[in-house]
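Step one of this worksheet: look at the structure below.
The values are calculated or read from the model by the stated rules, or taken from the named source; none is laboratory data. Everything numeric in this text was worked out from a predicted model, so none of it was measured. As a convention, Cβ positions derive from the backbone with ideal geometry for all residues, glycine included, and neighbour counts pool all protein chains shown.
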C-alpha cells in the first residue's frame, strides 16, 4: 500500500538546492550518499536547472521524461499546493512534504493543510507530512530525509510524530547501538498515520519490532483495531507524550473525574497488545531485547556474574519485574561446583568471582544455557583487575548466537567496558548499564509472550430495547437538557437488561407515603432532579425508612435542603425505592467518552470514596467477556471480590454482564458523554447484582 515511500524506482526532490545550508541540498545529498542511485533515479527539481552533486536538475516534474514514484517537497509553504498539483498531473503516487507552515502554524496553516489533502485526494496521492523530517528505508537503501546521515540496517522500524526526536533517534542509531529497517517522521499526519504504517510494516520481513512515538491518535478506535491484528504478527512498542494534562477537562460524573488521556492510552495499548514504554530509554531497552534476541519462552531467568553485589541487585530487579529466579538442576549445580573455584557460587545467581577470565565465563554460561529450567540469561560483568572484557564479550556474543534462549548483558561501567559493549552490539547482544534496565527488558519479552497467548477478542451482543432509550434521549433533547438523573435512568437500565429495584417517583410527601406502602417498608428515598447528580452532597439520600412518618419527614427535609443549597435546580420530587437486601458489595461501573478513543468504561469499588481511593480500571468499548473479567482482577481491592474474613465470593459473572451491557449501551448511543452506576450492589455467587443509582450526561451536540 505504501511501497512507493520505501521502494521507489525514482525520487524527485522538489526544491533541490546547490546551497549546502538548504534542506533541498541535504535531501539530495542523503539520497546520493545512502547508495540509492544503484536502485533508482535521483531527480533534483529546481526551476533554475543546472547540476547538483553531479546530477542534472529539471525545471519541473513535468520536464522529467520518465515516470516518478516519489516526490520529496522542500519548498516554502505558499508554493507547496501548486507543486503537489504538478505531482498529481504527473501521476506521482506518493509525496513527502517536508515543508512547514501548515497545521502547526495556526488556523491559516490548517486551511493550507486541508487544501493539500484535497489535492492529494483529487489525484490519489498518498502524503507523509507536512512538517516532517522525511522517510528512510535502510534496506532499499533510501534516505529521503534531511537527517544527518543514514543509520545502519537492523530489525527495528520507528515512526515518530516529532521530527526533532527523530533526529535524536537517528543519531543514536548512527552511534552503532541501534539498527533500523525503516524510519518515518509523520509530522502533521495530514494523510499517512500510525495506522497506515502499522498495516504496511506488519508483513515487512525486514522488521521484527515496530516502535512508535506519538503525540496524539485522532482515530483511536481504528488504531486499536489495526494494532490488535498487527501485534499478533510482531511486537509493537509505543511511547505517548502529553498524557498528564491533556486529559483534564470539566466533568460531572465520578467516572469523568477519574478518567483522562493517560487512562485511555493505557487501556488502548493494553487491549491492542502494544507494549507501553514510559520513557525513550525504556522504548529502546525493550526494543533491543525483543528485536535482537530469541523469544522468551518462560519467566525463569538465570544470572551469571563476576561480582556478588550486582548479582543481588539483578536478583531483586528481576523479582520486582515479576520474573522468576530459575531453580538450576542439580546436575547443573554439580558441574559448576566441579569447575568453579571453591569460593564461587554455583546456585543462581552464579558468581564466577572477580578474577574470572573469559574461559570461566564461557563454562558457566554454557552450563546455565543447557539447563532446561532456564528460559533466559542475564550476564553481568564489572571491570576488575583481571577481567578480560573484550574476550568475555566475544564469548557472550558467540554463545548467544548459538542458543534459542535470550541472552542479555550488563557490562557495568563506562570507559573500561566501552570496547566490550561495542563487541556485544556488533554481535546482536543488547547491553544494559544497570541490572534494573535489563530486568525490565526481560519483563517486556514476557509481556509480549502473553500478548501472543491471548486469543483475539470475541464480542457478545445482547438483545435490548434500544428504541425506548432513543425515545427518552430525544425527549430530553427537546427539553433542552443533557443530564439524566436516577428517576429517568431506570428506563435505560431496564432497556439494557440490568436489574434494578422497584421504585416510583413521588411529587409530594403524601404520594411518597402511598408509594412506600405499595412497595413495602423499609424503603429508600432519593431527591429527584435533573440538576442534582451527586445526591449525597445535598443530603438527598435516606435509607432504611420504616414507616409513613419517616418517609414524610425525609421528603420534606430533602426538598428543603435542595432548595436551600441549589435554588436554581429543577425538583421533580423524590424517588421512593425498594430497600435492597443487605450483604452485597458496592462497586462502580461507569463510562467517560475519550475524545480520541471513544467510550472508556470504568470498574472499581463503589460508594462515596471512589474518587479518593481511585481504585479503578478501564477498558475501551467494545471489549470481550475475558477482557471484562480481567478488569475485576486489576483493582487493588480485588481480594474483596473473592471474599475476605468469612464473607463469600461475589457474583463475578453478574459484574461482567453489567460491564458488557454498559459497553454495548455506550456504543449504541455515541451521544452519551458520561455515565455512572454507583453503586452496583453485587451479591454472593449466583445471586446477581442490582443497580441502585445511575447518572448519565449527554453530549451538548446530539448524535
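Structure data summary
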{"quantity": "Which listed residue is within 37 Å of the chain's Cα centre (by Cα) and surrounded by 13 or more Cβ atoms within 10 Å (Cβ to Cβ), from 347, 326", "calculated": "326"}
{"quantity": "Scan of the stretch 8-28 for residues that are assigned to a strand (DSSP E or B) and either touching a helix residue (DSSP H, G or I) at 6+ places or on another chain (Cβ under 9 Å) or at positive phi (or both), ordered by number", "calculated": "11, 12, 13, 14"}
{"quantity": "Extreme residue, surrounded by the most Cβ atoms within 10 Å (Cβ to Cβ), among residues of the stretch 85-107 that are part of a helix (DSSP H, G or I) and modelled with pLDDT under 95", "calculated": "103"}
{"quantity": "Considering residues of the stretch 670-683 that are surrounded by fewer than 21 Cβ atoms within 10 Å (Cβ to Cβ) and out of contact with any strand residue (DSSP E or B) (no Cβ under 6 Å at 6 or more places or on another chain) only, the residue nearest to residue 604 (Cα to Cα)", "calculated": "683"}
{"quantity": "Residues of the stretch 27-43 satisfying the condition of being under 16 Å from residue 134 (Cα atoms) and in contact with a strand residue (DSSP E or B) (Cβ under 8 Å, 6 or more places away or on another chain)", "calculated": "27, 28, 30, 31, 32, 33, 34, 36, 42"}
{"quantity": "Unique match (being touching a residue at least 40 places away in the same chain (Cβ under 8 Å), surrounded by fewer than 21 Cβ atoms within 10 Å (Cβ to Cβ) and closer than 22 Å to residue 476 by Cα) among 530, 522", "calculated": "530"}
{"quantity": "Residue, surrounded by the fewest Cβ atoms within 10 Å (Cβ to Cβ), within the stretch 604-624, restricted to residues that are assigned to a helix (DSSP H, G or I) and out of contact with any helix residue (DSSP H, G or I) (no Cβ under 6 Å at 6 or more places or on another chain)", "calculated": "612"}
{"quantity": "Residue within the stretch 471-489 that is modelled with pLDDT of 95 or more, surrounded by 19 or more Cβ atoms within 10 Å (Cβ to Cβ) and in contact with a helix residue (DSSP H, G or I) (Cβ under 7 Å, 6 or more places away or on another chain) present", "calculated": "no"}
{"quantity": "Condition met for residue 598 (outside the structural domain of residue 520 (by TED's automatic domain parsing) and more than 38 Å from the chain's Cα centre (by Cα))", "calculated": "no"}
{"quantity": "Strands (runs of 3 or more DSSP E) contained in the stretch 109-180 and holding at least 2 residues over 28 Å from the mean Cα position of the chain (by Cα) and buried (at least 23 other Cβ atoms within 10 Å of the Cβ)", "calculated": "142-145"}
{"quantity": "Count of residues meeting criterion [within 43 Å of the chain's Cα centre (by Cα), assigned to a strand (DSSP E or B) and surrounded by 18 or more Cβ atoms within 10 Å (Cβ to Cβ)] in the stretch 533-562", "calculated": "2"}
{"quantity": "Candidate set: the stretch 584-603, residues that are in contact with a strand residue (DSSP E or B) (Cβ under 7 Å, 6 or more places away or on another chain) and part of a loop (DSSP other than H, G, I, E, B); chosen: the one surrounded by the most Cβ atoms within 10 Å (Cβ to Cβ)", "calculated": "597"}
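Listed here are the residues, each with its yes/no results for (1) outside the structural domain of residue 361 (by TED's automatic domain parsing); (2) closer than 30 Å to residue 234 by Cβ; (3) in contact with a helix residue (DSSP H, G or I) (Cβ under 7 Å, 6 or more places away or on another chain).
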| site | (1), (2), (3) |
| --- | --- |
| 397 | no, yes, yes |
| 405 | no, yes, yes |
| 427 | no, yes, yes |
| 433 | no, yes, no |
| 441 | no, yes, yes |
| 465 | yes, no, yes |
